[in-house]
1. Among the candidates 49, 13, 63, which residue alone is of a type in the set (A, V, I, L, M) and at pLDDT below 95?
2. Identify the single condition in (1) closer than 15 Å to residue 101 by Cβ; (2) buried (at least 17 other Cβ atoms within 10 Å of the Cβ) that residue 70 does not satisfy, given that it satisfies every other one.
3. Exactly one of (1) of a type in the set (A, V, I, L, M, F, W, C); (2) touching a Leu at 6+ places or on another chain (Cβ under 8 Å); (3) within 27 Å of residue 130 (Cβ to Cβ) is unmet by residue 76. Its number?
4. With the requirement that a residue be assigned to a loop (DSSP other than H, G, I, E, B) and β-branched (Val, Ile, Thr), what does the range 105-149 give you?
5. Of the residues that make up the range 135-143, is at least one among the aliphatic types (A, V, I, L, M) and surrounded by fewer than 17 Cβ atoms within 10 Å (Cβ to Cβ)?
6. If we keep just the residues of the range 101-134 that are closer than 20 Å to residue 46 by Cβ and free of Cβ contacts under 8 Å to residues at least 40 places away in the same chain, which is surrounded by the most Cβ atoms within 10 Å (Cβ to Cβ)?
7. Quickly run through the range 21-39 and pick out the residues that are buried (at least 17 other Cβ atoms within 10 Å of the Cβ) and either modelled with pLDDT under 95 or of a type in the set (A, V, I, L, M) (or both).
8. Can you tell me which of (1) among the acidic types (Asp, Glu); (2) out of contact with any Phe, Trp or Tyr (no Cβ under 8 Å at 6 or more places or on another chain); (3) more than 23 Å from residue 15 (Cα to Cα) is the one residue 67 doesn't meet?
Amino acid sequence: MSEAKIPVEGKVASKSHVEMTEMVLPQDTNYHGTVFGGRVLQWVDIAGAIASQRHARRKVVTASIDDMHFMIPICLGDTVILKAAVNYVHRTSMEVGVRIERESPTGDERQHAATAYLTYVALDDDGQPTSVPELIAETQEERRRMQNAVTRREFRLARKRALVSRRS
């Protein structure tokens with residue numbers, strides 16, 4: 001695969017923010033009355049793709065899901081709020097963090113239910129990886145998320161190298 005090396009102007013992180021809302025319906029739940037993890041992953045992937053497309057202004061594909069941490073159950077009738085934003089940009093790839101919150105049916109309680117980190121790759125019109133704009137972090141929180149994303153990227157690459165070396 002070829003990688004475009006065209007310099008691209010930077011974009012502020014806040015321009016990629018996405019907030020999506022879903023209601024947990026019977027078809028979304030298992031026999032415990034809690035949402036299927038796969039359904040949450042589907043919603044996470046959609047929110048993450050929208051955030052990365054907003055940043056790249058291009059089509060994107062999911063390259064990896066690093067981490068998905070469920071902290072509390074999400075139940076039938078709950079409202080799920082997904083908040084996604086680009087945390088870090090490399091040449092053609094972007095890490096997106098997605099925070100999943102559970103809101104009670106009455107709307108008077110919201111809790112952090114899960115967190116996910118995904119990597120997306122921007123594609124040109126021929127379906128090849130292409131450069132994305134630099135990420136400009138404006139707030140302390142955005143800078144913290146960017147630094148943490150760099151650490152996760154290092155772990156991701158080390159894991160990949162270890163797996164490849166074991167195949168040899």
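The values are calculated or read from the model by the stated rules, or taken from the named source; none is laboratory data. As the structure is a prediction and not an experimental result, all values here were calculated from the model. All Cβ positions, even for glycine, are placed from backbone atoms using ideal geometry, and neighbour counts span all protein chains on display.
1. Values: 49 fails: at pLDDT below 95; 63 fails: at pLDDT below 95.
Exactly one residue qualifies, and that residue is 13.
2. It is condition (2) that residue 70 fails.
3. Every condition holds for residue 76 apart from (3).
4. Taking the range 105-149 first, the residues assigned to a loop (DSSP other than H, G, I, E, B) are 105-109, 124-128, 130-134, 137-139.
Within the range 105-149, 106, 130, 132, 139 meet the criteria.
5. Step one: of the range 135-143, the residues among the aliphatic types (A, V, I, L, M) are 135-137.
Subsequent filtering for residues that are surrounded by fewer than 17 Cβ atoms within 10 Å (Cβ to Cβ) retains 136.
Yes, the range 135-143 contains a residue that is among the aliphatic types (A, V, I, L, M) and surrounded by fewer than 17 Cβ atoms within 10 Å (Cβ to Cβ).
6. Pass one, the range 101-134, residues closer than 20 Å to residue 46 by Cβ: 101-103, 112-123, 132.
Adding the requirement that they be free of Cβ contacts under 8 Å to residues at least 40 places away in the same chain leaves 101-103.
Details: 101: 18, 102: 21, 103: 18.
So, considering only residues that are closer than 20 Å to residue 46 by Cβ and free of Cβ contacts under 8 Å to residues at least 40 places away in the same chain, the one surrounded by the most Cβ atoms within 10 Å (Cβ to Cβ) is 102.
7. Initially, the range 21-39 is screened for residues buried (at least 17 other Cβ atoms within 10 Å of the Cβ), giving 22, 24, 28-29, 34-35, 39.
Of everything in the range 21-39, those that are buried (at least 17 other Cβ atoms within 10 Å of the Cβ) and either modelled with pLDDT under 95 or of a type in the set (A, V, I, L, M) (or both) turn out to be 24, 35.
8. Just one mismatch for residue 67, condition (2).
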